[in-house]
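Data block below; observations after.
All of the numbers you see were taken from the coordinates with simple rules; none came from a lab. In this text the structure is predicted, and so the values were computed from the model without any measurement. Cβ placement follows ideal geometry from the backbone for every residue including glycine, while neighbour counts extend to all protein chains displayed.
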Amino acid sequence: MRTLFRALSLVALAATALAAKADTLDFTIAGEGNIYTFSLPSMVVPVDYDGNGVSFNTFAVVTENGLASPAPDQLTFYNDRLFAGLIIDSGSSVELDLVSFPLFSGSPGSPTLLTGVFPAENIVDEAPYTITAEPESTTPVPEPSGAVLLATGILALTGAARRRLLAR
């Protein structure tokens with residue numbers, strides 16, 4: 001009975017260690033025939049933020065219709081009593097000022113980005129946009145330590161079973 005418990009414990013431990021979890025969000029912004037994409041960690045570390053608890057800035061490479069910007073763009077997430085949204089400022093080709101529902105929770109000093117689909121509107125021409133934030137779609141990567149632990153446990157169980165058979 002103890003051997004069965006140990007074997008099941010070993011298998012459960014190995015199964016939990018085989019997949020690594022990513023904490024990255026993929027953003028897709030669609031509107032006016034354009035698609036913008038970028039990725040950020042879900043718990044982003046702001047480059048700077050205002051002391052009033054309204055906005056924070058960070059940087060990411062923004063892809064516009066499949067073409068990546070040559071340098072990281074400044075992203076400003078804001079969230080005050082009247083408006084919330086996102087500003088993408090590259091200083092070159094991509095520049096959007098979108099009003100949306102809040103895209104982050106917590107304080108701008110330590111924000112947590114929210115997931116979901118958010119309707120938005122371009123402030124300049126009031127064109128409709130959609131902001132989609134979803135967890136990065138990656139396949140789980142096996143962790144070598146989990147595989148080694150599983151193999152060691154199987155070898156130990158095989159050795160114990162063999163010893164029992166030889167002892168009889």
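Computed quantities for the displayed model
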| quantity | calculated |
| --- | --- |
| Matching residues in segment 115-132 - criterion: being over 14 Å from residue 35 (Cα atoms) and among the β-branched types (Val, Ile, Thr) | 115, 117, 123, 124 |
| Within segment 111-127, considering residues that are under 20 Å from the mean Cα position of the chain (by Cα), aliphatic (A, V, I, L, M) and closer than 19 Å to residue 56 by Cβ, the one surrounded by the fewest Cβ atoms within 10 Å (Cβ to Cβ) | 114 |
